[in-house]
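> Before anything else, here's the structure in question.
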Amino acid sequence: MSRNLRKQLIPLLKKLHLPVFRQLHEEYARKATQEGLSYEQYLFELAQAECEVRQANKVARLVKASQLPMEKTLDNFNLKRLPLRIRQQVKMLLDGTFINRNLTIVLSVEISCLFAGNLCHR
């Protein structure tokens with residue numbers, strides 16, 4: 001890529017809020033040239049990288065905003081202190097299928113934090 005074109009491209013990518021494009025476009029262009037990739041394949045790989053980073057950032061932002069206690073996990077939660085009926089329900093809820101069935105579930109704050117944290121990490 002010519003130096004003049006690069007000088008024009010970087011501000012445009014910054015203005016469009018495409019930080020991953022800005023960071024990776026030269027590396028991916030070299031790779032595309034070496035591997036004989038089409039322009040569409042080059043653009044697809046750049047867009048895919050941008051989307052992956054944005055998704056990861058979104059998840060991290062939402063987890064942080066949830067203010068869930070991340071140190072509390074199902075691994076260190078003592079299920080034996082719960083009644084048998086509740087333990088059975090907890091095991092059923094752990095698979096997450098209740099989400100697709102649009103079920104309304106009422107949980108204690110402690111249990112709901114554990115479930116939310118567990119589902120966020122999936």
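> Along the Cα-to-C-beta direction of L5, a point sits 7 Å from the Cα; which residues of segment 37-56 have their amide N less than 17 Å from that point?
Hits in segment 37-56 for L5 at 17 Å: 37-44, 46.
> Trypsin sites (Lys or Arg not before Pro) within segment 42-108: which are DSSP loop residues with at most 15 other Cβ atoms inside 10 Å?
Numbers: sites: R54, K58, R61, K64, K72, K80, R81, R85, R87, K91, R101; in loops: K72, R101.
Passing both the DSSP loop test and the Cβ count: K72, R101.
> Let me ask something additional. Could you give the nm distance between label points at Q41 and F77, where each point is 7 Å from its Cα heading toward the beta carbon?
Rounded to a tenth, the inter-label distance reads 4.7 nm.
> Let me ask something else. Taking 0.36 nm per residue of sequence separation and subtracting the Cα-Cα distance, how much length would be gained by fully extending the chain between R61 and Q23, in nm to one decimal?
On the way: separation 38, 0.36 × 38 = 13.68 nm, distance 2.12 nm.
Working it through step by step, the gained length comes to 11.6 nm.
> Which value in nm describes the separation of the simple spin-label points at I99 and L13, placed 7 Å from the Cα toward the beta carbon?
Going from the I99 label point to the L13 one covers 3.3 nm.
Since every read-out is calculated from the coordinates, none of them should be taken as a lab result. Not measured: the values here are computed from a predicted model. Cβ atoms come from the backbone with ideal geometry, glycine included; neighbour counts cover every protein chain shown.
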